[in-house]
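Right, one structure below, let's go through it.
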Amino acid sequence: MTALRAQPMLSVVTALPTTGLAEPVTFFPLTNYAAFIDHAELRVFAESQSTEGIPFATMPVTFGKPVLWSPDVHDAALRVVLRVYDVGGRFDETAPEAFVVSSAPVPTKRDRRDGPLFENQRTTGNIAVVGSEVTISGSVAGPATVVSLMGTAVPVDSAGRFVARQIVPPTTREIGVRVGDTNYRRAITLPKNDNFLVAIADLTAGHRSFGAAKIDLQGVDRQDTRRNFVDGRFAFYWKKQLGTDWKLTAAADTGEQPFSALFDDFLKKDSRAFLRRLDPNLHYPVYGDDSTTIEDAPTYGRFYLRVENPSGQAMWGNFHTQLTGTDLIRYQRSLYGGEFDWHSTDATPSGERRTQINGFAADPGTIASREEFISTGGSVYYLRNQDISQGSERLFMEVRDRDSGLVLRRQELIVSRDYDMNYIQGRVLLRSPLAIVSNDSLFVRDNSLAGNPVWLVSTYEFTPGLTRPSALTYGGRAQQWVGDHLRVGVTGYHQGEDQAKQGLYGADVLARYKPGTWLRGEVAHASGPGNGANFSSTGGYDFTPVAAGGQAALAYILEGAVDLRELTGAGDGHLSGYFRRREAGFSGPGELTFGEGLDQYGGTADIALGQFARFKAKADLTEGTLTRRKAGEVGLVHDIGRGWYGRVGVRADDQGAGQATAYTPFAAPNVLRGERTDAAVTIGYH
């Protein structure tokens with residue numbers, strides 16, 4: 001029993017990534033804080049649907065038991081979210097887990113493991129989980145034996161083994177375990193002030209009697225010519241539970257050096273961090289057991305400190321900036337410095353904290369880089385720089401609209417699950433090849449790769465050379481919900497690198513009636529060139545670098561959506577529209593203008609016409625100093641019956657000079673310039 005490692009965990013996985021129509025989809029839900037949960041449910045959404053909207057299907061969950069679902073769909077890409085509620089109605093939920101229902105034959109080969117592999121997917125955390133973690137393990141006669149911990153079923157593998165961990169409230173005095181028909185109860189005493197400390201202090205004093213001619217015998221210390229010396233080292237790791245709510249984590253390591261300079265530059269970055277970027281699989285630093293290393297105090301310096309409670313944390317060490325929630329100021333860096341994060345305990349009906357404040361300040365000693373790769377259909381991508389700071393990378397898969405270039409879907413990739421990274425060479429190896437295009441339900445397909453292009457976007461920190469760049473970086477975001485339907489926020493940052501100095505500040509407002517009916521506006525002001533971006537269409541074999549001019553510029557966004565069912569209670573349809581203006585020279589991350597001012601506007605419509613037909617339309621217009629592009633599409637889909645459907649549509653394109661879209665530096669080929677109108681009729685079966 002311990003309170004030090006009691007971290008809430010919530011996860012759901014599917015038995016197979018693709019399931020055939022003849023068998024149900026099997027979901028495995030898991031949590032380690034069932035004592036704080038009143039009820040739980042699985043929520044299924046279409047791949048293109050927001051997980052904040054009305055789910056396609058909902059199933060109740062009993063933890064420890066699989067959930068079976070027989071879908072009434074054909075050849076559909078879906079996503080599932082696990083949501084859990086406490087007695088007060090607050091909820092936590094997981095990141096969407098993708099799966100496919102296919103009418104084609106599906107291989108039924110299972111993984112060699114006895115059961116599913118879980119990882120913490122908890123992305124929304126509104127339930128206050130405070131307590132200690134209790135672990136039980138054992139073995140029974142076979143997998144058919146029923147085992148439960150405090151009323152929650154515990155999975156048993158094929159060999160009859162089981163293990164379970166649950167966080168229990170501080171007031172818990174006993175736990176109940178059921179094995180078969182026998183109930184066991186055990187009294188426990190939970191620690192109120194759990195504490196773990198390990199430290200080392202080392203002092204070495206000596207006298208050198210040999211002359212300068214023998215100085216080379218000292219090896220790596222050949223620069224140390226002292227006759228009399230006193231060296232020392234001090235290191236510790238400390239983790240302590242402070243009462244029921246607060247937790248302290250601290251660590252330090254001065255390294256072996258002269259005693260008089262033991263604490264010099266104590267808070268600055270440590271140059272020995274380079275050694276962490278070596279691949280351990282290439283030099284085998286440890287032989288023997290198969291234990292797992294957990295870096296609980298990540299820092300590129302000599303010191304780490306984190307104080308946290310359910311409402312937030314303050315820390316000094318390595319951290320990821322959290323300036324998200326806007327499109328114009330999406331500042332994503334991995335820095336070494338100080339960070340403060342606080343949020344209120346109450347949440348809106350949509351699960352967002354009513355008040356959030358985040359701020360940071362750092363002297364990173366590294367340079368930020370952003371690279372955007374258009375998918376090659378392969379698995380290997382090379383970053384433009386080498387000697388990447390370990391853990392600083394953030395990779396995203398983005399599906400962008402083929403006409404406007406706007407991001408339709410963004411998914412962050414997880415290291416070791418979705419990709420492997422060689423930090424010295426700057427090489428990314430994806431676990432699965434990245435699709436070239438994503439299905440966009442086009443009526444007119446003018447080539448074999450018609451669809452919305454898929455991009456791989458990377459941001460990371462790297463060391464440019466032997467010298468350490470010095471630049472102060474700071475920023476923050478604050479947002480407040482006014483009632484349940486209006487949110488206001490302010491965001492800003494400043495970075496001081498000589499060639500990438502920039503200040504970017506802005507404000508945003510969100511008015512949300514319901515998840516599918518909302519209106520959002522943003523404004524941002526940028527000054528300074530920033531880091532720019534590097535674009536590649538070859539997987540990193542060559543790049544097109546783009547740097548902003550550095551002049552002050554503004555950008556605006558106004559966009560909204562209407563769900564007819566939410567608005568009228570009876571309709572079935574969805575409308576959306578947007579307007580974006582970026583002045584020449586604006587240089588927000590991922591929002592470069594390539595030397596020209598740009599206006600973009602457009603919208604979509606998807607409306608049911610009776611029970612068997614749908615009307616769909618889409619239009620996107622881009623107007624800039626150089627770039628001009630117009631695209632529109634309209635069509636009708638009709639369900640004929642018995643699995644057959646028909647589609648008819650018309651598409652018009654008008655591509656002028658300039659870029660192919662407003663978000664890439666690649667010019668539109670001459671063969672695609674001009675006006676074009678296509679019509680298509682499709683009869684299909686699903």
>> Which residue is surrounded by the fewest Cβ atoms within 10 Å (Cβ to Cβ), if the candidates are limited to region 120-147 and must be over 28 Å from Ser158 (Cβ atoms) and of a type in the set (A, V, I, L, M, F, W, C)?
In response: Ala128
>> When you scan region 488-496, do you find a residue that is under 23 Å from the mean Cα position of the chain (by Cα), part of a loop (DSSP other than H, G, I, E, B) and on the phi < 0 side of the Ramachandran plot, even just one?
In response: no
> When the residues of region 226-253 are filtered to those that are closer than 21 Å to Ala199 by Cβ and touching a helix residue (DSSP H, G or I) at 6+ places or on another chain (Cβ under 9 Å), which remaining residue is surrounded by the fewest Cβ atoms within 10 Å (Cβ to Cβ)?
Replying inline: Val230
>> Can you find a residue that is crowded, with 19+ Cβ neighbours inside 10 Å, among the aromatic types (Phe, Trp, Tyr) and more than 30 Å from Leu429 (Cα to Cα) anywhere in region 550-567?
In response: no
> If you take the residues of region 30-61 that are farther than 19 Å from Asp563 by Cα, within 24 Å of the chain's Cα centre (by Cα) and of a type in the set (A, V, I, L, M, F, W, C), which of them is modelled with the lowest pLDDT?
Replying inline: Leu30
>> So Tyr541 passes all but one of these: (1) farther than 24 Å from Gly426 by Cα; (2) modelled with pLDDT of 85 or more; (3) part of a loop (DSSP other than H, G, I, E, B); (4) not small (Gly, Ala, Ser). Which condition number does it fail?
In response: (1)
>> Among the residues that make up region 603-618, is at least one of them in contact with an Asp or Glu (Cβ under 6 Å, 6 or more places away or on another chain) and surrounded by fewer than 18 Cβ atoms within 10 Å (Cβ to Cβ)?
In response: yes
>> Restricting to region 628-645, and then to whatever is among the aliphatic types (A, V, I, L, M) and within 19 Å of Ala608 (Cβ to Cβ), can you tell me which residue is modelled with the lowest pLDDT?
In response: Ile640
> Limited to region 170-196, what total is found for residues that are within 16 Å of Ala34 (Cα to Cα) and loosely packed, with under 13 Cβ neighbours inside 10 Å?
Replying inline: 3
> Do we find that Gly641 is more than 29 Å from the chain's Cα centre (by Cα) and on the phi > 0 side of the Ramachandran plot in this structure?
Replying inline: yes
> Out of Thr661, Thr604, which single residue is outside any loop (DSSP other than H, G, I, E, B) and of a type in the set (Ser, Thr, Tyr)?
Replying inline: Thr604
>> Condition (residue is over 19 Å from the mean Cα position of the chain (by Cα) and under 24 Å from Gly301 (Cβ atoms)) applied to region 366-381: is it met by at least one residue?
In response: yes
> For residues in region 125-147 being among the hydroxyl-bearing types (Ser, Thr, Tyr) and within 33 Å of the chain's Cα centre (by Cα), which is farthest from Val81 (Cα to Cα)?
Replying inline: Ser137
> Could you count how many residues in region 624-651 are within 30 Å of Ser587 (Cα to Cα), in a strand (DSSP E or B) and among the hydrophobic types (A, V, I, L, M, F, W, C)?
Replying inline: 1
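Yes or no, residue by residue, for (1) assigned to a loop (DSSP other than H, G, I, E, B); (2) within 29 Å of the chain's Cα centre (by Cα); (3) not basic (Lys, Arg):
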site: Ala555; (1), (2), (3): no, yes, yes
site: Arg565; (1), (2), (3): no, no, no
site: Arg581; (1), (2), (3): no, yes, no
site: Asp620; (1), (2), (3): no, yes, yes
site: Asp653; (1), (2), (3): no, no, yes
>> Here is a check on your reading of the model: is Gln499 polar (S, T, N, Q), in contact with a helix residue (DSSP H, G or I) (Cβ under 6 Å, 6 or more places away or on another chain) and at pLDDT below 85?
In response: no
>> I'd like to verify a number: residues in region 546-583 that are touching a residue at least 40 places away in the same chain (Cβ under 8 Å), hydrophobic (A, V, I, L, M, F, W, C) and over 28 Å from Ala524 (Cα atoms), how many?
In response: 2
> What residue, among those in region 368-405 that are modelled with pLDDT of 90 or more and of a type in the set (A, V, I, L, M), is farthest from Ile557 (Cα to Cα)?
Replying inline: Val380
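The values are calculated or read from the model by the stated rules, or taken from the named source; none is laboratory data. Model, not experiment: these values are computed from the prediction. As a convention, Cβ positions derive from the backbone with ideal geometry for all residues, glycine included, and neighbour counts pool all protein chains shown.
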